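Enquirer: Below are the structure tokens for one structure; questions will follow.
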Amino acid sequence: MTYRRSYRVQWADLDAIGHLRNSAFLDYAVDTRFSYLAEQGFTAADFAVAGIGPVVLLDEMRYRRELRFQEDFTVTLTLAGLSADGSRMRLHNRFYRADGSFSAAVTSEGLWFDLRERRRIVPPEKLLAILHGMERTEDYAEIVGPPEMPEG
């Protein structure tokens with residue numbers, strides 16, 4: 001079953017033209033992800049004890065319909081990709097208005113990072129098991145090779 005979390009657009013979420021600002025979409029995507037992990041048993045305290053955190057390498061956003069002040073909406077979370085060792089992941093969030101219509105999508109690629117040693121790591125078994133248990137997108141693909149970096 002797809003993980004879902006409900007929200008309401010807050011005043012601080014608005015941009016100059018009165019709808020949910022693009023960076024707020026990212027904030028809600030991150031909140032949904034961490035809520036899922038906590039509900040599955042890997043909490044903020046677990047991250048602190050392990051001394052790890054996620055690093056986002058790429059965010060891609062696609063918009064269809066705006067969200068406005070005090071409008072209720074739902075964010076879903078699915079796994080779009082994972083490296084063989086679990087050190088890299090691609091997460092997909094979809095935003096839906098209260099009437100069920102599609103509003104936006106955020107796809108983020110990232111890796112697990114050791115905050116003490118400042119390097120990419122394989123996540124702890126408990127976290128890795130949660131990732132493997134996530135619902136997958138239809139276009140799920142294993143992540144192979146190093147992260148792509150822009151030229152320049």
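The values are calculated or read from the model by the stated rules, or taken from the named source; none is laboratory data. Quick caveat: nothing in here was measured; it's all calculated off a predicted structure. Virtual Cβ from ideal backbone geometry, glycine too; neighbours counted across all protein chains shown.
Enquirer: Looking for whichever is in a helix (DSSP H, G or I), among the small types (Gly, Ala, Ser) and either touching a His at 6+ places or on another chain (Cβ under 9 Å) or in contact (Cβ under 8 Å) with a residue 24 or more places away in the chain (or both) here; the options are Ser35, Ser6, Ser23. Which one fits?
Expert: Testing whether each residue is in a helix (DSSP H, G or I), among the small types (Gly, Ala, Ser) and either touching a His at 6+ places or on another chain (Cβ under 9 Å) or in contact (Cβ under 8 Å) with a residue 24 or more places away in the chain (or both) leaves just Ser35.
Enquirer: From the list Ala104, Ala29, Ala48, Ala98, pick out the single residue that is farther than 25 Å from Asp15 by Cα and out of contact with any Cys (no Cβ under 7 Å at 6 or more places or on another chain).
Expert: Ala48
Enquirer: Let me ask something additional. Of the residues Ile121, Ile143, which is of a type outside the set (Asp, Glu) and either farther than 28 Å from Ala24 by Cβ or in contact with a Phe, Trp or Tyr (Cβ under 8 Å, 6 or more places away or on another chain) (or both)?
Expert: Numbers: Ile143 fails: either farther than 28 Å from Ala24 by Cβ or in contact with a Phe, Trp or Tyr (Cβ under 8 Å, 6 or more places away or on another chain) (or both).
Criteria check complete, one pass: Ile121.
Enquirer: Another question, if that's okay. Would a scan of the stretch 116-135 turn up a residue that is closer than 22 Å to Ala38 by Cβ, under 16 Å from the mean Cα position of the chain (by Cα) and in a strand (DSSP E or B)?
Expert: Taking every residue of the stretch 116-135 in turn, none turns out to be closer than 22 Å to Ala38 by Cβ, under 16 Å from the mean Cα position of the chain (by Cα) and in a strand (DSSP E or B).
Enquirer: Also, I was wondering about something else. With respect to Ser103, determine if the residue is polar (S, T, N, Q), buried (at least 18 other Cβ atoms within 10 Å of the Cβ) and farther than 13 Å from Leu127 by Cβ.
Expert: yes
Enquirer: From the residues in the stretch 9-20 that are small (Gly, Ala, Ser) and assigned to a loop (DSSP other than H, G, I, E, B), which one is surrounded by the most Cβ atoms within 10 Å (Cβ to Cβ)?
Expert: The extreme case among them is Gly18.
Enquirer: A follow-up question, please. Is the stretch 81-99 home to any residue that is in contact (Cβ under 8 Å) with a residue 40 or more places away in the chain, farther than 18 Å from Leu128 by Cα, surrounded by 17 or more Cβ atoms within 10 Å (Cβ to Cβ) and not hydroxyl-bearing (Ser, Thr, Tyr)?
Expert: Within the stretch 81-99, one or more residues are in contact (Cβ under 8 Å) with a residue 40 or more places away in the chain, farther than 18 Å from Leu128 by Cα, surrounded by 17 or more Cβ atoms within 10 Å (Cβ to Cβ) and not hydroxyl-bearing (Ser, Thr, Tyr).
Enquirer: Then there's this: Could you go through the stretch 67-75 and let me know if any residue there is without any contact (Cβ under 8 Å) to a residue 60 or more places away in the chain and either under 12 Å from the mean Cα position of the chain (by Cα) or surrounded by fewer than 17 Cβ atoms within 10 Å (Cβ to Cβ) (or both).
Expert: To start, the set of residues in the stretch 67-75 that are without any contact (Cβ under 8 Å) to a residue 60 or more places away in the chain comprises 67-68.
So of that shortlist, the ones also either under 12 Å from the mean Cα position of the chain (by Cα) or surrounded by fewer than 17 Cβ atoms within 10 Å (Cβ to Cβ) (or both) come out as 68.
Scanning the stretch 67-75, I find at least one residue that is without any contact (Cβ under 8 Å) to a residue 60 or more places away in the chain and either under 12 Å from the mean Cα position of the chain (by Cα) or surrounded by fewer than 17 Cβ atoms within 10 Å (Cβ to Cβ) (or both), so the answer is yes.
Enquirer: Report, by residue number, each residue of the stretch 38-62 that is surrounded by fewer than 16 Cβ atoms within 10 Å (Cβ to Cβ) and either at pLDDT below 95 or assigned to a strand (DSSP E or B) (or both).
Expert: Gly53, Val55, Val56, Leu57, Leu58, Glu60, Arg62
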